[in-house]
Amino acid sequence: MELKRFLSLGLLLVAFIPMKLSAQQAQPLPTDPAVRVGKLDNGLTYFIRHNENPKDRADFFIAQKVGSILEEDSQSGLAHFLEHMAFNGTKNFPGKNLINYLETIGVRFGQNLNASTGFDKTEYTIMDVPTTRQGIIDSCLLILHDWSNNITLDGHEIDEERGVIHEEWRARRNAQLRMFEAILAKVLPGNKYAERMPIGLMDVVLNFKHDELRNYYKKWYRPDLQGLVIVGDIDVDYVENKIKELFKDVPAPVNPAERIYTTVEDNDEPIVAIATDAEATTTQLSISFKADPTPQEVRGSVFGLVEDYMKQVITTAVNERLAEITHKPNAPFLSAAAFFSNFMYIAQTKDAFNFVATVREGEVEKAMNALVAEIERLRQFGITKGEYDRARTNVLKKYENQYNEREKRKNNAYANEYSTYFTDGGYIPGIEVEYQTVNAFAPQVPVEAFNQAIAQMIDPVKNAVVTLTGPSKAEAKIPSEADFLAAFKAARQQKVEAKKDEVSDQKLMEKAPKAGKIVSEKKDQKFGATELTLSNGIKVYLKKTDFKSNEILMSAVSPGGILSGKNAPNQSVMSSFMNVGGLGNFNAIELDKVLTGRSASVSPSLSLLTEGLSGKTTVEDMETFFQLIYLQMTANRKDPEAFKATQEKLYNNLKNQEANPMAALMDSIRHTMYGDNMLMKTLKAADVQKVNYDQVMAFYKERFADAGDFTFFFIGNLDEAKMKPFIETYLASLPNLKRGDKMHKAQVPAARSGKIDCKFNKEMDTPSTTIFDVVSGNVEYTLKNSLLMEVFSAVMDQVYTATVREKEGGAYSVAAFGSVEQYPQPKALMQIYFPTDPTRAEEMNAIVFAELEKLAKEGPNVEYFKKTIENLNKQHKESLRENRFWLEAMKSSFFEGNDFITDYESVLNSLTPAELQKFAADILKQNNRVVVMMAPAAKAQ
C-alpha cells in the first residue's frame, strides 16, 4: 500500500530520532485529566471542564457531526434551515422563549447565543453564561437537550423563517462566494462538496414541504453524532450527573443511517479552474497539492502533534520567504502566503498544501512563473538552515507563550478545542503535554527531515489543483483554461537554484541612549496605577494586573495629529505608508529576522487629533520592547523600495474597487454625511499614485520628534522595579522640544445636519438594496448619555429583529450602532444598516423609522430595556478582567479627562425607560436624518 504523504511526514521522524522515543510516538496521547470525557449508553459524548476564566461564567456547546453534505437533492439548504429553527421553538422553550430567557440573564442573541452550519458539522453555542444560580446551569443544559432531540419544527414558524434565510442568502452572495461556487463545480465535478453549499438553493428553501426538514432532523440529529461541551465555573460532578439525568430519554437510533464522509479523488494530471465576476476587485492565483489526511489513530498520537508542529515551522519559513519577495518593488505578485488546510477549505476527507498569491492586473503568467518557481525551489532544495532555525524558534515561542498563559486560558478557547476535537479528531492532552513533547522533539529533528517532508508534500506530477479568480473585464487579461494549464506545466519545468539566506548579525540597538531620570512618582487611587513624571516631561502610568500571566500592553498618546500640520497627508495615506521601511539599520524583513523568538511589537498611529504608539510584549522581552519604542520615536527608517512595493500593492487593491457595489455605498455614505471635506475622503487608486513619500516621512518625524507631551500607559503582569531602568534609558532619554502641541478639536469634520437623502442605482449581480440610515442630535458628552446611547441601540436591535426580521422576513439582520461623538461638538448618532429585497426596501425602511418614532413617543419595550441593562452589566463585569479595557479607560481618563468607569454600574442601573424615551425624543426632534439607499440598476445589454 502506498504511504500517504501527510502520514509519512510524521513517520519520517523515525529516521532522525532515537528508537526509544520513536517507539513511544505511536502511543495515543493522553486526554487532559482536567477535562472529563464520557459517553452515555445512547452514544452521546460529553466534555466537561471546570475553569474560572472568567469567574462565574460558563460556555455550553452542542456539536453535531452532520452538515449540508448529508442533504438529499430535495433538502438543499435544510441543514442550515434547521439551525435557524433551533431558535424558533423547542419542547421546553416554545416560540421565542429560548432567546427571551437567555437574554434575561444577559446572554444576547447573535452575540453570546449563536450557531453555524458547515458541510460536515453544525455547532450551537451559548457563551458567557452567568453561573451564579444553579437554575441557570440547569436551563442551559435543558436547551442543549432540546436542541439534541426536541426542536419543535412548527409549520407556521418554518414558513416565517423562509424569508429570513432568503435575505441571508442575498446579503452574503457577493463576488467571492459566486466565484468560489464556480471553482468548486470545476474542481470537484459531480462531488457533493460542489453541490451542497450550506446556504442551499433558494428554490428549495422557499418551497420545501415541512416534512423534508423534519425528516432530516430525525435522521441525522441523534446522540451517536452529538457532543456536549460545557466549560466554565461549574461543578463538574453536578453537570455530569445532570447530563446523565436529562439525556437518558434521548433514544439511541435504531438501524441508523450510516454517516458516510464524502471522499475526494486524487488526480494524475493538474486540475485547472478559472472563475471571473464583474464585481471582483482583485486577481488571485491559488496552487494546491492534495493529500489524504493522517488517520485518526495516528493523528491522536505523538505523530499527530509533531506533524502539526512541523507544518507550523514549514509555513512560517515559507511565508518569511514569500514576504521578502513582495517587499520589493516590481515584485511578480503583490502578496503571497502558504498554508495547510482542508482541500478547498471544506473537504474533511482531503488535506492540501496551499500557495496563494494576489496578482497584478494583466500579469497572470508572470505571477504563475514566479510562484511555481518558489514551489519548485521548495520541492527541490527545501528551506535553508537559517530559515529553519528562525521558524523553529518562533513556533516554539508560541508554544511557550501558550504554556505560560495556561492558568489564564478562557472558557471559549477550551470549548472550541473540545468541539473541534469531537467533530474533526486530533488530540487534547493539554498544553503542558504539548509544550513538553514539542520541546523534547524539536532539538532532535534536523532541517533535513523537514525538507524530505516538503518534497513528499509537493508531488512533481500528481494532485496539483490550480485556480484563478478575478475581474471579468478585458483589462484583467484572464487567460483561457487551456492556456492557464499550459502556463502551469511550463512553469514547472523551470530551472531553479537554492535560496541564499541573508541575515544581519547586528543588534537591534548597538548602543543604549544616555538615560534620563524619573523625577517624581505618586499613586493614583482611582486606577491603582503608579504615575511617573520623567525628566523630559513624559508622563508614564503603570498598572499591575493578574488577568494574564505574561501579557503587557502599552499605549502612548500625544496631542497633535493630522490637524496639527498644514497640507498634511491624508490620514489613510499616513497609515498606509508611514511604517513600511523598518527601524534603525533594518528594513522590515531584516527587522523580523532580528526579532526572531521575541514577543515584542510596537506600531505607530496617527488620528486627526493625536499621534501615538501601541504595543504588546512579555516579561522576558521587556528591554527589546523599550528599544522598539525608542526606535519608533527616533529612527523610523525610510525605505524607497518598500514604499514603492506598498504603493503598487495598494494601487492594485484599489484599482477595481468601483466594481464592488459596497465601495460605491461607502463613498456615498461619506459624501452624504460629510460633503466634500477632504479629511473624510475615501482613498482612491489615483490618490495612491500621487503619494509623496518624502512628505509622509517628514510629517511622521515632525509629529514624533517631540516626546515631551507624550503620555505612556503600561498594563499587565509587570514588575515596576524591573521596568524603571528601561523607562529611564529608553523613554526619559527621548527629546523634548517643548512645542506645547494641542488637539485641534474644532477642526474635526462634523456630520451634516438636516434631512438628506441619497438614493442611487448600481449594477450588481445579486439584486439587493442596501440601506444606511442616520439620525443625530446634539447632546452633552457625559457617561449617562453614552450609556443611554448604548441602551438605545441595543433596544433597537431587538426591535428590528422582532419586526423587520421575524415578523416581516424583510432582512437577515438590521444592525443599529449608537455612539456619542465628543468632537467638534458632542453629538449622538444612531446608525442603522441593512440589506433587503429591492421590492420591499421602502416598506422596510419605513418600519425602521416608525419604530424609532414609536420609542420616542411611547417609550421602549420594558422587557427589551431590562434585558439590555442586564447584558451591559454582564459585559462590564467581564471587561473589568481585561487588560485592554483598563488601558483604554486610563487613557481616556488621564489624557482626555473622561471618567467612564468609576460610576459605570451605578449610572447604568439608575437608567429608566422614561429617560431613554426622552433621550430618543430629544435626538429625533432635531430633525437630522440621513438616508443612503443603493438599489440595483438594470444590467447593460
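The numbers here are math on the coordinates, done by the rules we state, and not lab data. Please read these numbers as outputs of a predicted model, since none were measured by experiment. A quick note on method: Cβ atoms are made from the backbone with ideal geometry, for glycine too, and the neighbour counts reach across all protein chains shown.
The distance separating the Cα centre of the range 179-215 from that of the range 298-353 comes to 29 Å. Using C-alpha pairs below 8 Å separated by at least 6 residues, the relative contact order for the chain is 14 percent.
Under 5 Å from the amide H of Lys762 lie the amide H atoms of Ala935, Ala937, each residue being 5 or more positions distant or on a separate chain, with H modelled from the backbone and absent for Pro and chain starts. Can you find, among Val272, Pro767, Leu734, the residue sitting farthest towards the positive end of the charge dipole of the chain, where Lys and Arg contribute +1 and Asp and Glu -1 at Cβ? Towards the positive end, the residue furthest out is Leu734. A Förster distance of 35 Å, applied to the separation of the beta-carbon atoms of Lys328 and Asp765, puts the FRET efficiency at 0.45. Of the peptides 807-814, 564-571, the order by per-residue mean of other Cβ atoms within 10 Å, starting with the highest, comes out as 807-814, 564-571. Computed from the Cβ-Cβ distance with R0 of 35 Å, the FRET efficiency linking Glu843 to Phe817 stands at 0.95. Once you have the Cα-Cα distance between Asn653 and Asp719, take 0.36 nm times their residue separation minus that, and quote the gain in nm to one decimal. Once the chain is fully extended between Asn653 and Asp719, it gains 19.3 nm.
Translational diffusion coefficient of the range 269-320 at 20 °C, 1.002 mPa s, Stokes-Einstein with Kirkwood Rh over Cα pairs, in µm²/s as a whole number. So the translational diffusion coefficient is about 147 µm²/s. Taking a ≥ b ≥ c as the square roots of the eigenvalues of the Cα gyration tensor, the range 86-223 is prolate, since a/c reaches 1.5 or more and a/b is larger than b/c.
Here's how it looks for Leu583: its modeled amide H is under 5 Å from those of Arg637, which are all 5 or more places away or on a different chain. Computed over the alpha carbons of the chain, Rg followed by Dmax gives 29.1, 82 Å. Across the alpha-carbon set of the range 679-748, the Rg to Rh ratio works out to 1.12, Rh being the Kirkwood radius. Taking 30 Å as the limit for the C-alpha separation, the pairs Lys218/Lys242; Lys638/Lys738; Lys477/Lys759; Lys477/Lys762 exceed it in the case of Lys477/Lys759. Under the simplified labelling scheme, the Lys398-Lys511 pair shows an inter-label distance of 3.9 nm, with each label point 7 Å from Cα along Cα→Cβ. From helices alone, the chain scores -13000 deg cm²/dmol at 222 nm; the rule is -39500 (n - 2.57) for each run of n ≥ 4 DSSP H residues, then divide by the residue total. Computed over the range 435-493, the quotient of the alpha carbon radius of gyration and 2.2 N^0.38 Å is 1.86.
Each of the peptides 240-246, 378-384 was scored by the mean count of other Cβ atoms within 10 Å over its residues; in descending order, highest first, they stand as 378-384, 240-246.
The 3J(HN,Hα) values that the Karplus relation (6.51, -1.76, 1.60; θ = phi - 60°) gives for the range 763-768 are, in residue order, 5, 8, 6, 9, x, 7 Hz. Gly and Pro appear as x. Quick one: Cα centre-to-centre distance for the range 822-877 and the range 109-156, in angstrom? Each part's Cα centre sits 26 Å from the other's. Determine the distance separating the Cα centre of the range 432-448 from the Cα centre of the range 245-275; give it in Å without decimals. Taking the Cα centre of the range 245-275 as reference, the centre of the range 432-448 is 34 Å away. Quick check: net charge around Gly163, other residues with Cβ under 11 Å of its Cβ, Lys/Arg +1 and Asp/Glu -1? Around Gly163, the charge tally is -3. Applying the Karplus relation 6.51 cos²θ - 1.76 cosθ + 1.60 with θ = phi - 60° to the range 51-61 yields 3J(HN,Hα) values of 8, 10, 10, x, 6, 6, 9, 8, 10, 10, 10 Hz, where x marks Gly and Pro.
Each residue, Glu240 and Ala490, gets one label point 7 Å from its Cα in the Cβ direction; the gap between the two is 6.6 nm. A cut-off of 5 Å between modelled amide H atoms, ignoring neighbours fewer than 5 places along the same chain, links Ala732 with Gly516. Over all pairs of different C-alpha atoms in the range 779-896, the reciprocal of the mean inverse distance, the Kirkwood hydrodynamic radius, equals 16.0 Å.
Each residue of the range 481-491 was assigned a 3J(HN,Hα) from its phi angle through the Karplus expression (A = 6.51, B = -1.76, C = 1.60, θ = phi - 60°), giving 5, 5, 5, 5, 5, 4, 5, 5, 5, 5, 5 Hz with x at Gly and Pro. Beyond 28 Å between alpha-carbons counts as too far, so tell me which of Lys755/Lys918; Lys593/Lys616; Lys290/Lys548; Lys473/Lys495 fall in that bin. Long pairs (Cα-Cα over 28 Å): Lys290/Lys548; Lys473/Lys495. Taking the DSSP beta bridges with both ends in the chain, the antiparallel portion is around 80 percent.
Restriction of the trypsin sites (Lys or Arg not before Pro) in the range 681-733 to DSSP coil positions whose beta-carbon has at most 11 other beta-carbons within 10 angstrom yields Lys690.
For Met662, the shell of other residues with beta-carbons less than 12 Å away shows a net charge of -2, using +1 for Lys and Arg and -1 for Asp and Glu. When the trypsin sites (Lys or Arg not before Pro) in the range 47-134 are filtered for DSSP coil states and for at most 14 other beta-carbon atoms within 10 Å of their beta-carbon, the remaining sites are Lys55, Lys91, Arg133.
Multiplying the residue separation of Ala34 and Glu858 by 0.36 nm and subtracting their alpha-carbon distance yields 291.4 nm.
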